[in-house]
Structure formats: structure tokens, C-alpha cells
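Colleague: My questions will all concern the structure given below.
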Amino acid sequence: MKTLTVGLPDGAYEIRIGNGLLMELGAALLPFRGEEVPVVVVTDENVWAHYHAPFAAALAAAGIAFVPAVFPAGETNKCLGGLGRLYDVFAEAGLPRGGLVVAFGGGVIGDLAGFAAATWMRGVRFVQVPTTLLAQVDSSVGGKTAVNHTRGKNLIGAFYQPKLVVIDPETLRTLPAREVRGGMAEVIKYGAIRSRSLFDKLDRDADPAALPEIIEACCRVKAGIVSRDERDLGERMLLNFGHTFGHAIERRHGYGHYTHGEAVAFGMVIAARLGECLALTQPGAADALRRLLARHRLEPDYPEAPGALMSAMESDKKSGGGGVRVVFLRRIGEAFTREMRFADLEAALAPPGEASAQR
Ligand code: NAD
Ligand code: GLY
């Protein structure tokens, strides 16, 4: 088992990574259980179908009773309606201020359970047990919790840190291949923004046996960034590399058409190409990124002209006034942000002939 620490002023917490950790989950939860009341486990139907038995055995071994809140799989439950149903389970279970919520699933479950924990009785403890690659390398760490509003994703949320993150990479064995590929886009993102050695390792070694080490490398980068910028005011924005364009792609095509990871893969290549065009990014970085994404069976090239994304980008909640903050690569392994006016972005994204006609 590897243990990393997320160091924060209001309390550090551990990220534990290791094959088989699900079997030892009961013992890991004991220090956080507080009052002798059942723990509420928030999960979805797919995860529960695969892991109900080992989960129940692990908690029974530590003498911990639990109440499951099992949601249908998918983003549609990450909303105020889903949150209301979860509060009903908390009320029914008599979850007290000193109780514990366990998020057992992907990013949807982690975000929903985390926000419910942040707000129930003004905050109860919660532990993240992520089961998708995306959640293991990204969403379970750092305390961003949220539900969606009809006007947009993650509009209702809070920064609320878990007490512990327990990552068992063996749970990825049952994850559908498309979800694994989507998570790999986020893994590649960490290499691109912060770690040339991770980027090169991913190029050499696409073996699933290497996953625990890769997850650890990503969590190490994220833990460091979150420790320095919990509230997303500076360095943490680098984690949005590819996401400005990726979110616009998801919105333009309707959520679910492309997975988040597939859209981020397109977005990273668009951002790297844009950086090269603006002489901000070392030439060749976009091609290196394209090759690595393709090696991990992700389609690197968005099939439409990127200029088509402008209207979707202008409605992004993070767009302030007449512009947007874009994450650029300086080179593979190093990133920075720059505020761009929409007019300049539109001109830069236009095909070469059109760009010169506009000037
Ligand atoms: P998800 O939670 O919907 O899981 C994807 C699918 O995999 C679901 O069908 C789920 O049932 C299934 N699944 C999960 N684990 C499984 C397993 N081990 N075996 C078999 N099936 C399994 O999707 P996701 O990609 O994990 O998360 C996406 C969500 O995360 C979005 O809502 C996004 O906004 C959020 N997110 C949050 C953060 C953050 O920092 N909080 C960061 C990135 C993304
Ligand atoms: N997933 C981006 C962040 O945690 O900031």
C-alpha cells in the first residue's frame, strides 16, 4: 500500500492506494466512524452489483453496520432531486452530526455524496472509495463536491474535503473499457501539465499492471496542487488543461455523446495546437500529445473546426465577462494559464485563411 498526504490548514488527510484495499475497508473506516450508528454508503447500481458482497464482508469484519443508498448509474442523479433522495436516506438512517458517509463509486457518486455530506447537519464526515479511473486519479481527491443545475454542471457545490481516500485499483477490472480510456485522458493530462517522466512512462508502458503506480503518480501531483491552492484560485486551474474546450464539446454535442475523458482528449489537443499557433507552446507538443492519446486508444482529433466551440464556450459558467482563462502547455510537463478575450480566441481558432481575412 502507498500512502500520500493532502496537507491542508484545516486538517490533512491520507490517500491510500493498493490492490485489495477494499477487503480492509472496515478497519480503515473505524477511526472515522464516530458514533455507534450505521454508516451511510452511497453507491450506484453497477458498482453495487459488482462489489456489494466484498464491501459488506469488509465492514462486517470490523463490526460496522451500514445503510446503503443505491442510485441508478449515471449523471442524471447528480442533481437536486438525487440530493433530496439522499437526504431522505440520511434522515431515515438517523445520521447524526458525528456520523459517517462513504462515497463508493465513480465521480458522480463522489460529487453527490460529498455535497450531501457537506450540507447535512452543516457537515458530517465522509470518506471517498473511488471505483473509476477518473475518480481514482482526480475527483476523489481535493474536495470539489457538487450537483448539477438545469443551467449547467456543478453549479451547486462546496469545497468539502474527505477524511480519507481509499483507492483499490483492482476495482477497475470490472470498469467498461470506454470508461478506462476516459480516465486515461485525465492521467495523460497530469503528465502533460506537470510530469514529463509520467508522460514518457505512459508512452513506454500501456500495461494495466502498471496502474497502481500510475494512479499514485497522478494523486501525488493532485495532492501537491490542492495543498497549495485548495480553493482553485491559481495553480489548481492547471488541472483544467483541455477542459475549457472539452466542456464546450460536451455541451455542444449533449452530455453523454462523448464521455468527459473523450472530450478532454480533444480539448487538450486543441489547446496544445492553439499554444503552438500563438508561439506559447514548444513546437511538437501537440503531436506528442496526439500520439500518446492514440496509443491509449483515445481519438485525438475533434472532427469539427474548433471555432465551432465558441458559442458553447461563451456560455461556460467559468467565463468571466468577455474572455476565458485558457491553460496552455509551455512544453510537455509544464503548463500555465492565460486570460484570453473571446475575440482573440475566435481569431486564433479560425482556419489560417479565415484568420488572415479577419485581420
Ligand atoms: P460515473 O461515476 O458516472 O461512472 C461511470 C460509469 O462506470 C457508471 O456507469 C458507473 O456505474 C460505472 N462504474 C463505476 N465504477 C465501476 C466499476 N468499478 N466497475 C464497473 N462499473 C463501474 O463517471 P466518472 O467518470 O467516474 O465521473 C464523472 C463525474 O465526475 C462527473 O459528474 C464530473 O462532473 C465529476 N468530476 C468531478 C471532479 C471533482 O474534482 N470533484 C473532477 C472530475 C470529474
Ligand atoms: N478536477 C479539477 C480539480 O479538482 O480542480
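Colleague: Can you work out the Karplus-derived ³J(HN,Hα) for every residue in the stretch 153-163? Use 6.51 cos²θ - 1.76 cosθ + 1.60 with θ = phi - 60°, whole Hz, and x for glycine or proline.
Modeller: Ordered by residue, 3J(HN,Hα) equals 6, 6, 6, 10, x, 8, 7, 8, 7, x, 7 Hz.
Colleague: Ordering HIS247, HIS52 by accessible area with a probe of 1.4 Å, largest first, what comes out?
Modeller: Most to least solvent-accessible, the answer reads HIS52, HIS247.
Colleague: What span do the alpha-carbon atoms of the stretch 9-72 cover on each of the three principal axes, reported in whole Å from largest to smallest?
Modeller: Sorted from largest, the Cα extents of the stretch 9-72 read 37, 28, 24 Å.
Colleague: Same structure, new question: For the stretch 211-359, what does the accessible surface come to per residue with a 1.4 Å probe? Please give it in Å².
Modeller: For the stretch 211-359, the per-residue accessible area is 44 Å².
Colleague: Tell me, how many Å apart are the Cα centres for the stretch 220-299 and for the stretch 1-46?
Modeller: Centre-to-centre distance over Cα atoms comes out at 29 Å.
Colleague: Moving on to the next point. Between SER227 and ARG291, what is 0.36 nm times their sequence separation minus the Cα-Cα distance? Round to one decimal in nm.
Modeller: Length gained between SER227 and ARG291: 19.9 nm.
Colleague: Using amide H atoms built 1.01 Å from N in the peptide plane, name the residues 5+ places from SER195, or on other chains, whose amide H lies under 5 Å from its own.
Modeller: GLY333
Colleague: Let me ask something additional. With an 8 Å cut-off on Cα pairs and a minimum separation of 6 or more residues, tell me the relative contact order of the stretch 232-337 in percent.
Modeller: The normalised contact order for the stretch 232-337 reaches 33 percent.
Colleague: Under the Karplus relation 6.51 cos²θ - 1.76 cosθ + 1.60, θ = phi - 60°, what is the ordered set of whole-Hz ³J(HN,Hα) values for the stretch 257-272, x standing for Gly and Pro?
Modeller: 5, 9, 5, 3, x, 5, 5, 5, 4, 4, x, 5, 5, 4, 5, 5
Colleague: Convex hull over the alpha-carbon atoms of the stretch 237-353: what's its volume per residue in Å³?
Modeller: Convex hull volume per residue, Cα atoms: 100 Å³.
Colleague: Here's another thing I want to ask about it. At a probe size of 1.4 Å, how large is the accessible area of LYS78, to the nearest 10 Å²?
Modeller: 10 Å²
Colleague: Given Cα pairs under 8 Å that are at least 6 residues apart, what percent is the relative contact order of the stretch 280-352?
Modeller: 33 percent
Colleague: From the P(r) of the stretch 104-199, can you give the percent of Cα pairs sitting at distances over 22 Å?
Modeller: Of all Cα-Cα distances in the stretch 104-199, 34 percent exceed 22 Å.
Colleague: Right, something else. Rounded to the nearest angstrom and ordered from largest down, what semi-axes does the equivalent ellipsoid of the stretch 132-284 get from its C-alpha gyration tensor (root of 5λ)?
Modeller: 21, 21, 18
Colleague: Ok, one more. Can you give me the Kirkwood hydrodynamic radius for the stretch 161-209, using every pair of distinct Cα atoms, in Å to one decimal?
Modeller: About 12.4 Å for the stretch 161-209.
Colleague: Residue-wise, which Karplus ³J(HN,Hα) couplings in Hz belong to the stretch 53-68, taking 6.51 cos²θ - 1.76 cosθ + 1.60, θ = phi - 60°, and x for glycine or proline?
Modeller: 5, x, 5, 4, 5, 5, 6, 4, 4, 9, x, 9, 7, 9, 10, x
Colleague: Put +1 on the Cβ of every Lys and Arg and -1 on every Asp and Glu Cβ in the chain; which of TRP120, VAL89, PRO38 then has its Cα farthest towards the positive end of the dipole?
Modeller: Selected residue: TRP120.
Colleague: Could you work out the equivalent-ellipsoid semi-axes for the stretch 73-131, taking the square root of 5 times each eigenvalue of the Cα gyration tensor, largest first, in whole Å?
Modeller: Equivalent ellipsoid of the stretch 73-131: 18, 13, 9 Å, largest first.
Colleague: How big is the equivalent ellipsoid of the chain along its three axes, where each semi-axis is √(5λ) from the Cα gyration tensor, reported in whole Å from largest to smallest?
Modeller: 36, 22, 17
Colleague: Relative contact order for the chain: what is it in percent, counting Cα pairs under 8 Å that are at least 6 residues apart?
Modeller: 14 percent
The values are calculated or read from the model by the stated rules, or taken from the named source; none is laboratory data. On a predicted model such as this, the values are computed, not experimentally measured, just so you know. Positions of Cβ are backbone-derived with ideal geometry, glycine not excepted, and every protein chain shown enters the neighbour counts. Keep in mind that these areas ignore ligands, DNA and RNA; they rest on the heavy atoms of the full protein, side chains included. Shrake-Rupley method; radii C 1.70, N 1.55, O 1.52, S 1.80 Å.
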